[in-house]
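The values are calculated or read from the model by the stated rules, or taken from the named source; none is laboratory data. Quick caveat: nothing in here was measured; it's all calculated off a predicted structure. Glycine gets a Cβ as well: all are built from the backbone with ideal geometry, and neighbour counts include every protein chain shown. Quick note on the areas: whole protein, heavy atoms, side chains included, nothing else; ligands and nucleic acids left out. Shrake-Rupley method; radii C 1.70, N 1.55, O 1.52, S 1.80 Å.
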Amino acid sequence: MPALIEKCPNQCPEPLVPSGLVVPGGELNRCNACGQFVSACDAGHLHEANKEWDRYEGTWPSPRDTARFQRRRKRDFQLISKLVGRPCAGMRLLDVGCSNGAVVAAAQAFGFEAEGVDTAELAIIDGRKRGLNLHCGFLADVTYEDARFDAITLYEVIEHVPDSYALIAECARLLKPQGVLLIGTGNANSWTRMIRKGRWDFLNSHVGHVNFFSPESLKVLAPRVGLEVARVDTHSVKLKEQGETRRWVYRLIKLGTEMLNLPASLLGKGHQMEVYLRRPLRPAAAA
């Protein structure tokens with residue numbers, strides 16, 4: 001079967017070429033223009049891999065992870081408020097890839113009028129039982145008028161999407177002027193990816209990851225859909241995963257990598273990233 005992604009998903013004109021980066025699903029391809037990495041898997045593989053996420057428990061944080069989840073979302077919402085120039089209360093937020101609605105619930109607690117959309121039917125059923133406004137289907141399946149939302153969030157979603165241009169363009173259409181799109185995903189230009197190569201956990205098509213971004217590739221994509229890059233944050237370095245070595249060795253390595261977290265963040269080399277794209281008040285003038 002043909003590869004699911006045969007052209008640069010950011011609409012660069014150059015052809016994809018073998019990257020030399022080999023992962024369990026095979027060698028990744030790369031766009032030399034924007035640096036995007038993409039899986040060579042076929043559509044059937046992605047369809048089967050994404051079934052893993054259609055479950056009642058969704059991605060709701062466990063009691064042990066709830067405090068950390070709330071801290072991270074609080075920071076994100078405060079930054080969105082700052083970039084939009086309005087308090088959270090009363091702003092409209094859409095979480096794309098919402099699962100059973102943990103982000104929607106957190107946004108509501110901060111005063112947003114929040115809703116979500118996801119293709120995972122079982123997770124949507126669970127979220128609706130929690131009283132959340134969730135829609136089942138792809139974003140393009142839900143009828144929204146232009147410029148409806150002040151903020152849209154995409155947390156660990158875009159790496160599952162073969163046509164990132166179409167998704168980001170649809171988000172841009174739904175944003176109000178000065179509205180913010182927050183993309184949270186892995187950083188393919190991170191020190192972690194460079195050191196771990198094909199063992200980096202984001203390069204895993206078995207959980208539906210097929211499209212791998214960096215700050216640089218999103219900076220190429222953003223203006224093509226009428227958005228501007230308002231802010232880029234990266235954080236964390238991971239040299240080993242739990243279970244790859246003895247526990248005491250893992251703990252020593254983890255302690256050592258703590259010293260790399262700050263320089264990685266300052267240099268844009270952290271392996272997690274949040275990119276804030278904003279719709280300008282006025283469309284950019286044609287070149």
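Checking the a/c ratio against 1.5 first, then a/b against b/c, what shape does the Cα gyration tensor give for the stretch 136-287?
Because a/c hits 1.5 or more and a/b exceeds b/c, the stretch 136-287 counts as prolate.
What number comes out for accessible area per residue over the stretch 1-102 if the probe is 1.4 Å? Units Å², please.
54
From the helices alone, meaning DSSP H stretches of at least four residues, give me the mean residue ellipticity at 222 nm for the chain, per-run term -39500 (n - 2.57), in deg cm²/dmol to the nearest 500.
Estimated from H runs of four or more residues: -10000 deg cm²/dmol.
Share of the chain's accessible area from carbon and sulfur, percent, 1.4 Å?
That share works out to 53 percent.
Among 73-84, 135-146, how do they line up from the highest to the lowest mean number of other beta-carbon atoms within 10 Å?
73-84, 135-146
Only Cα pairs within less than 10 Å get springs; with that Gaussian network setup on the chain, which residue of Gly226, Gly179, Gly101 has the largest fluctuation?
Gly226
Write out the cysteines belonging to the chain for which the nearest other cysteine Cβ is not under 4.7 Å, or none if no such cysteine exists.
Those would be Cys34, Cys41, Cys88, Cys98, Cys136, Cys171, since no other cysteine Cβ in the chain comes under 4.7 Å of theirs.
Step through the table entries Lys129/Lys254; Lys197/Lys219; Lys74/Lys197, compare each Cα-Cα distance with 30 Å, and write down the pairs that go over it.
Beyond 30 Å: Lys129/Lys254; Lys74/Lys197.
For the chain, build the convex hull from the C-alpha positions and give me its volume per residue in Å³.
Here the figure is 141 Å³ per residue.
For Leu16, which sequence-distant residues (separation of 5 or more, or a different chain) have an amide H within less than 5 Å of its own amide H, given hydrogens modelled in the peptide plane?
The list, which skips near neighbours in sequence, is Cys8.
Considering Cα pairs under 8 angstrom that are at least six residues apart, work out the relative contact order of the stretch 193-287 and quote it in whole percent.
Computed over the stretch 193-287, the figure is 34 percent.
Evaluate the charge dipole of the chain about its Cα centre and quote only its size in Debye, nearest 20, assuming +1 on the Cβ of each Lys and Arg and -1 on the Cβ of each Asp and Glu.
Approximately 1300 debye in magnitude.
Once R0 is set to 41 Å, what does the formula 1/(1 + (r/R0)^6) return for the Cβ-Cβ distance between Arg86 and Leu252, expressed as a FRET efficiency to the nearest 0.05?
With R0 = 41 Å, the Cβ-Cβ based efficiency is 0.35.
Taking a 1.4 Å probe, which of Glu113, Glu170 shows the most accessible area, and what order do the others take after it?
Glu113, Glu170
Grab the Cα-Cα distance for Gln70 and Met259, subtract it from 0.36 nm times how many residues apart they are, and report the gain in nm with one decimal.
Stretched out fully, the Gln70 to Met259 stretch lengthens by 65.5 nm.
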